[in-house]
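Note sheet for the following structure.
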Amino acid sequence: MEQQPDTILTEDQVYGDSNLIRSVLANFYDRISRGLKPNTTDQYYNWGQRAGGDNNDFTRVDEAIRYDFDNVNQFDRNLWRVYDYELVRNINQFLKGLKESTAITETSKTPLIGEARLIRAWYYFNSCRSLGGMPIVGDEVFDYTPGMDISPLQYPRATEAEMYDYIISECEAIADMMSDRPTTHSARANKWTAKMLEARAALYAASLAKYNNQMAAPVKTVGGEVGIDAGKANAYYQKALDAALDVIQHGPYVLQDKKPEDRARNFYEAVCVKDGNTEVIWARDYYFPGQTIAFTKDNLPTTLAQDANSSFLSVLLNLAEEFEPINTPTPGQGSKFDVGSFNGTPKFYETADELFKDRDPRLGGTVIYPGATFAGSTVVYQAGQLNFQDGKWVKKQGEANSTDKNGNLITSPNGPVYNSSLRLVNKTGFGIRKFLDETPQAGTIGRGSEMWEPRFRIAEAYLIAAEAAFELNGGSNAVSLENINAVRARAGVQPLKTVTFANIVHERRVEFAFEDHRYWDMMRWRLADKTWTGNQSNEAASRRGLWPYRVVAPGNPNDGKWTFEVQNMNFIYPNALNFQPRHYYSELDNSWLNNNPKLVKNPYQ
């Protein structure tokens, strides 16, 4: 009973030691990645798509599917719901303890206070985009004793506008409290993180003010907890523009363009390679030994697998065809691959990758397409053979890694295959490249990958500026054109002569695929229910692949060439993406409502 516990620290001990103070702050950084299931210690990945989270999160929109059957028939409105006032309370306790601490100088306290408030603002942003306005408790640390009147502790919901205003004002207040220099692997927030959060929050608020009010039945509550007045849109767009331009013009980050001779490789490195990176402003970092993730192990092509599991994610044709041809007559929009028809006249290609090499190079930096290389190895995707029999072209398909009697490959070990239960094999003809780690042994259980999870990149500042300037001043506005074309020039595609809303949607989709933007963009633009209609005949809502076939036709001039066929993925995903207006906001749990009668329910709840 006289021994002092070494696993429980008093507040005096924590705030009397500079190292312990920093360890508490590090804990907050960790918690905004993984979250916690209520009343448990289990990890709960509720902060959106991320490489260190649940692979299934990448399959919930029109970017990818997994390798086995999934009959999900509608969106889960609570999937990425963020509600964690325990975290807010702990941050407020930290701020109070830090301000009273004598263990570090006042000068040293300032950036730490800024970081803690930034993490709190990031929490509120993630909560607001999923739930709408929720209680804002400021710096209060509430204490409860049994029998006390708890009504003063029961805060009502803020309006959605008030919550975005709070996030924006916090970012404005703390920006100059933090360092203006890049941090190691962008793992700690700095001034430019705050400016980026300010810009993103203002853009979201502006979009909701404009596009929610254009719906036939706007999603809102009587008290404004959900819904922002349309008259506020322009002021929010201006704040977004000003903050984004501040980052572009005064920050130390630049669009990474170190390999102009290989634009696909350049884009991959700008997003995925940490050392010497000039692009990423804030990220969740991992390192070995210590903390690593299994994303590479789970998603390497089958023939490159280093350990158990592979090919979990198959990228959809829906996404791949959004990467425009470099010489397109209509820059700024995707186009279908011209592959002809097996029932009519197929189109033949000399190599498996020929069809894809003339596309926006970001395709090659994001996706492993047929014939592409990863870490120096060529990846063969082959669904089958195309034979010429009795004057007709005939498909031959087999099991993964099957061959014909002459030893010619029928179906690749990598797939794609027409089998809804076969795991570890690709299903669409495209694998994921973004966030795959080329480091030796990164795909093993024993080592894992150090791949980071970028939250903000300088490319987003350019595209926020382009979108906000477009909304304020129209498509011929010089600021809008300059900023969207800066991103397009780095990518290696043609500049735009004028900007349309469709161009903005397109550019963000190809630039930020798998970076936790697509779902939220479709939400704030109120496009989700119009695009993901639940109808398999709607190509935007269905899942599609593009299957490669090798021509095996001795004596025919096309022998040895490649051809492709569009494949509907309904054999493995029988239900189309189905988003309804009720999915625009998460639900408030009954337990929250019971504990605080001042809360009001969300629409459609």
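The values are calculated or read from the model by the stated rules, or taken from the named source; none is laboratory data. Everything quoted here is computed from the prediction, not taken from an experiment. Note that each Cβ is placed from the backbone with ideal geometry, even for glycine, and that neighbours are counted across all protein chains shown.
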Take Y549 and tell me if it is part of a helix (DSSP H, G or I), of a type outside the set (K, R), modelled with pLDDT of 95 or more and at negative phi. no
Subset of region 402-439 (residues that are under 16 Å from A64 (Cα atoms), of a type in the set (S, T, N, Q) and surrounded by fewer than 22 Cβ atoms within 10 Å (Cβ to Cβ)): S420
Can you tell me how many residues in region 559-588 are free of Cβ contacts under 8 Å to residues at least 24 places away in the same chain and of a type in the set (D, E)? 1
Reported set for region 80-116 where residues are without any contact (Cβ under 8 Å) to a residue 60 or more places away in the chain and not polar (S, T, N, Q) is V82, D84, Y85, E86, L87, V88, R89, L95, K96, K99, E106, K109
On the basis of being over 30 Å from I174 (Cβ atoms), in contact with an Asp or Glu (Cβ under 8 Å, 6 or more places away or on another chain) and modelled with pLDDT of 95 or more, does K259 make the cut? yes
Quick count over region 279-306, residues being buried (at least 19 other Cβ atoms within 10 Å of the Cβ) and part of a strand (DSSP E or B), is 6
Residue identified as outside any helix (DSSP H, G or I) and either buried (at least 23 other Cβ atoms within 10 Å of the Cβ) or among the hydrophobic types (A, V, I, L, M, F, W, C) (or both) among A189, A116: A189
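Quick check on this structure: which one of T296, T292, T278, T330 is within 25 Å of A442 (Cβ to Cβ) and either among the basic types (K, R) or out of contact with any strand residue (DSSP E or B) (no Cβ under 9 Å at 6 or more places or on another chain) (or both)? Lay out the reasoning, then the answer.
On the way: T296 fails: either among the basic types (K, R) or out of contact with any strand residue (DSSP E or B) (no Cβ under 9 Å at 6 or more places or on another chain) (or both); T292 fails: either among the basic types (K, R) or out of contact with any strand residue (DSSP E or B) (no Cβ under 9 Å at 6 or more places or on another chain) (or both); T330 fails: within 25 Å of A442 (Cβ to Cβ).
T278 is the lone residue from the list that is within 25 Å of A442 (Cβ to Cβ) and either among the basic types (K, R) or out of contact with any strand residue (DSSP E or B) (no Cβ under 9 Å at 6 or more places or on another chain) (or both).
Going residue by residue through region 151-167, is there one that turns out to be farther than 30 Å from I248 by Cβ, assigned to a loop (DSSP other than H, G, I, E, B) and free of Cβ contacts under 8 Å to residues at least 60 places away in the same chain? If you could, list the steps in order and put the result at the bottom.
Step one: filter region 151-167 for residues farther than 30 Å from I248 by Cβ, giving 151-159.
Next, only the ones that are assigned to a loop (DSSP other than H, G, I, E, B) stay: 154-159.
Narrowing further to those that are free of Cβ contacts under 8 Å to residues at least 60 places away in the same chain: none.
No, that holds for no residue.
Would you say E482 is of a type in the set (D, E, K, R), within 18 Å of Y237 (Cα to Cα) and surrounded by 22 or more Cβ atoms within 10 Å (Cβ to Cβ)? Please lay out each step first, then the result.
On the way: of a type in the set (D, E, K, R): yes; within 18 Å of Y237 (Cα to Cα): yes; surrounded by 22 or more Cβ atoms within 10 Å (Cβ to Cβ): no.
For E482, the condition - of a type in the set (D, E, K, R), within 18 Å of Y237 (Cα to Cα) and surrounded by 22 or more Cβ atoms within 10 Å (Cβ to Cβ) - is not met.
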Report every pair of residues separated by at least 6 positions or lying on different chains whose Cβ atoms are under 9 Å apart, first residue within region 45-69 and within 12 Å of D516 (Cβ to Cβ) and free of Cβ contacts under 8 Å to residues at least 24 places away in the same chain, second acidic (D, E) and part of a helix (DSSP H, G or I). Y45/D57
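Before we move on, is V510 in a helix (DSSP H, G or I), in contact with a Lys or Arg (Cβ under 6 Å, 6 or more places away or on another chain) and not polar (S, T, N, Q)? Steps first, answer last, please.
Numbers: in a helix (DSSP H, G or I): yes; in contact with a Lys or Arg (Cβ under 6 Å, 6 or more places away or on another chain): yes; not polar (S, T, N, Q): yes.
Yes; evaluated as a whole, the condition is true for this residue.
Taking I326 as the residue in question, decide whether it is crowded, with 23+ Cβ neighbours inside 10 Å and more than 18 Å from I432 (Cβ to Cβ).
Values: crowded, with 23+ Cβ neighbours inside 10 Å: no; more than 18 Å from I432 (Cβ to Cβ): yes.
No: the conditions fail for I326.
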Taking region 222-259 as the region of interest, how many residues are farther than 26 Å from Y164 by Cα and touching a residue at least 60 places away in the same chain (Cβ under 8 Å)? 5
